[in-house]
Amino acid sequence: MANIRIFDTTLRDGEQSPGVSLNQSEKQAIARQLARLGVDIIEAGFPVASQGDFESVQAIAKAAASEDSRVVITGLARAHHGDIDRAAAALEVATNPRIHTFIATSPIHMEKKLQLTPDEVVERAVDAVQHARNYVDDVEFSAEDAGRSDIDFLARIFQAAIDAGATTVNVPDTVGYMTPWEYGALIEGLFERVPDLHNVAVSTHCHDDLGFAVANSMAGVRAGATQVECTINGIGERAGNASLEEIVMGLNVRKDVWGHDVAIDTRELYRTSRMVSSMTGMTVPPNKAIVGDNAFAHESGIHQDGVIKAIETYEIMSAESVGRDAGVLVMGKHSGRRAFRKTLDDLGYQNLEDEQIDGLFRQFKDLCDRKTTVTSEDIRALVDADSVRVPQTFKLLGVQFQSGTNVMPVATVRVETQDGVKQEAAQGDGPVDASYRAIERISGVPLKLESYEIRSVGHGKDALGEVSVRMRHDDDTVFARGLSTDVLEASAKAYVEALNKFAAGMGLGSKTSTDNGQAP
C-alpha cells in the first residue's frame, strides 16, 4: 500500500483566484493549519512575482515548520535563472525546500506564447532543472498544459528533466480540458514510454473547467501517480483546482478501491475549509462534498428515518471523521472558563495562549447573551476571526440605526480612536451605507467598498451573521470580516477591521504578476 503525497497549492494557485488577496498574517495562519492538517508539500507562492510574495514564502516556511518540521515548502519558478534564484533565496529559511520549475509543452503554448521550438523548450527545461539543483536536492518539473501536449514530446522532456536531476515530474491539465479516461491513459502512456518515471514522484495537477478535476486526479492515481496537487475547497484560477478534501476522503473512504494511504488528519478538514473560506471570502456552497453545510444534513423523511435507525444507511463517513459535529455543542452563559477551555481543546485549539483564551471567552460570553444556543461553528468562527486580528487602532464601541419604509436611514456610530472616543451620525442609501459614512467621518480615511457578502454561521434565526468586505484605499486592498448576531453590527465591525488592517500596513496593493506566472 503506497502513500499518496498531498501537495497543497492553496497559497499559490488558490490565492490567484479573482478577488482573493491574503495578507501575510492570514497566509501564516493558513500555513500553520495546513501543517496541522498533515499535507506533505505546501506551495507557498511565486517569489519572483513581487517583494510581498517573496516575503510571504519566507513567512509561510517558518510558520509551517513551527507546526510540523517534516513539511516540504516549495516556491514556483519559470524556467528562467532569475526566477529560480529568487525562489532559492526565499526558501533559504525552509527546513525542507523544493523548487518547482515549469515550462509550457503544448503546441499552442510553445508557438503562440513562448515562441520557441520544441528543441528550445527541452533545452530550457534541462537548464532550469540543473540550475535549481545547484540550490536544492528536491526539484519538481512541470510541463504546463500537458493535457494538450503530444505524449511523445512529453516523454522526451520528462526523461530529459529526470536526467537533469528532477525528483518529481508533474503532468498538469492546466486548462481543465481532459476527461478522466484520457488523463489516466496519459499517465499510463508516460510510464510505458519513460521507465525512469518509476524512480521519481509523478504528480497530478488538474483544473476544474469542465468539472473533472477530482475525477482526473483520481484517474491519475489509479494509473500510478504518487502525488496529487490540490487546494482547500478547490479554489484557484478560473473554475479552480482539484479539491483537497474530496481527494483525501475519496482515498480514505474507498481505500478498498484505491489501496493507498494519505498522511492527512481528516479531523482537521472542516476546520481548514472554514478558515480558508472566511479568510479568502470565497463561500463554500451548501451542497459541496465533505465540507458543505448540507453534506451531513438529512431533510427527507425517508432519509431521516433511516439515519435514526442506523446512521450508515445514508452516511458513508461520519461527520466527526472530517472534524464536524454530529449534534449541537451545548454551551451557554452559565458555562465557565474551564468548560470553555475544554471545548476549545475538543475542537482542536490546544495551542492558544491564555491571553487569547481570555479574549475569546469574553466574546463567547457576549455571544451567549445574544443567542439561545452557542454551537461549535460559532466558537470556531470566533477563534478563526481572532487568529488574524490586528492591533486595534480603531475599536467599535456602539452603533445605532434608524431606518424603515419612507424613512431616510441614519446611523450613529461610536468608535474609540487613538485620540479618544468619537461619535458621528450620517445618512445613507441604507443602514450599512449610513454606518460606513459615519465611520469614514470619524477615521478621516476614505475607503472604497469593492465587495460585500453576508453568510450565516450555523442555523436558526439567532445564527451568527458573518459579513465579509473587500476594501480599497488608494492602491491597497484588504479583506476583512465582522461577526455578530446583528448583521448591521457585523457590517460595521467588518469596516472597522478593514481600517485596522490599513493602519497596520497590511494593504496588499494590486497583485503583481509576471507573464506566464499563473501556471501550471
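The table below gives the values:
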| item | result |
| --- | --- |
| Compactness of the chain, expressed as Rg and Dmax over alpha-carbon positions, Å | 24.5, 76 |
| R370 paired with E120, simple spin-label distance in nm, labels 7 Å along Cα-to-beta-carbon | 6.1 |
| Exceeding the 30 Å Cα-Cα cut-off - candidates K288/K395; K255/K342; K365/K422; K461/K493 | K288/K395; K255/K342 |
| Residues with amide H under 5 Å from that of C206, placed H, sequence gap 5 or more | D173, E229, A242 |
| Gyration tensor (alpha-carbon) shape descriptor, segment 1-117, a/c threshold 1.5 | prolate |
| Karplus (6.51, -1.76, 1.60) ³J(HN,Hα), θ = phi - 60°, over segment 30-38, in Hz, Gly and Pro reported as x | 5, 4, 4, 5, 4, 5, 5, 5, x |
| Net charge contributed by nearby residues that have their C-beta within less than 12 Å of W181 (K/R +1, D/E -1) | -1 |
| Segment 385-431: translational diffusion in µm²/s, Stokes-Einstein, Kirkwood Rh over Cα pairs, 20 °C, 1.002 mPa s | 174 |
| Long-range amide H partners of L397 with built H, under 5 Å | R414, V415, E416 |
| Mean residue ellipticity (222 nm) of the chain, computed from DSSP H runs ≥ 4 via -39,500 (n - 2.57), nearest 500 | -12000 deg cm²/dmol |
| D433 paired with A89, simple spin-label distance in nm, labels 7 Å along Cα-to-beta-carbon | 4.8 |
| For F46, F54, order by how many other beta-carbon atoms lie within 10 Å, fewest first | F54, F46 |
| Cα long-axis angle, helix 180-193 against the chain (0 to 90 degrees, to the nearest 10) | 40 |
| Beta bridges per DSSP with both ends in the chain, % antiparallel, nearest 5 | 50 |
| Sorted peptide list for 14-27, 394-407, criterion being average Cβ within 10 angstrom, highest first | 14-27, 394-407 |
| Within-13-Å neighbourhood charge of V126 [Cβ basis; K, R +1; D, E -1] | -2 |
| Residues with amide H under 5 Å from that of E144, placed H, sequence gap 5 or more | I103, A104, T105 |
| Under the Karplus curve 6.51 cos²θ - 1.76 cosθ + 1.60, θ = phi - 60°, whole-Hz ³J(HN,Hα) for segment 265-272, x wherever Gly or Pro sits | 7, 4, 5, 9, 5, 5, 4, 5 |
| In order through segment 483-489: 3J(HN,Hα) via Karplus (6.51 cos²θ - 1.76 cosθ + 1.60), integer Hz, x for Gly, Pro | 10, 5, 6, 9, 5, 6, 5 |
| The chain - percent relative contact order, Cα under 8 Å, separation 6 or more | 12 |
| Between 0 and 90°, nearest 10: helix 354-368 axis offset from the chain longest Cα axis | 60 |
| With Cα atoms, 0 to 90° folded angle of helix 376-387 axis to the chain main axis | 80 |
| Along principal axes, Cα extents of segment 395-503, largest first, whole Å | 38, 29, 24 |
| Label-to-label distance, nm, for residues given as M317 and Q130 (7 Å Cα→Cβ offset) | 4.5 |
| Potential lengthening between L210 and R193 on full extension [0.36 nm per residue; Cα-Cα distance subtracted] | 3.3 nm |
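Each value in this text was obtained by applying a stated rule to the coordinates, not by laboratory testing. These numbers were taken from a predicted model, which means no experiment stands behind them. Using ideal geometry, Cβ is built from the backbone for each residue, glycine included, and neighbour counts are taken over all protein chains shown.
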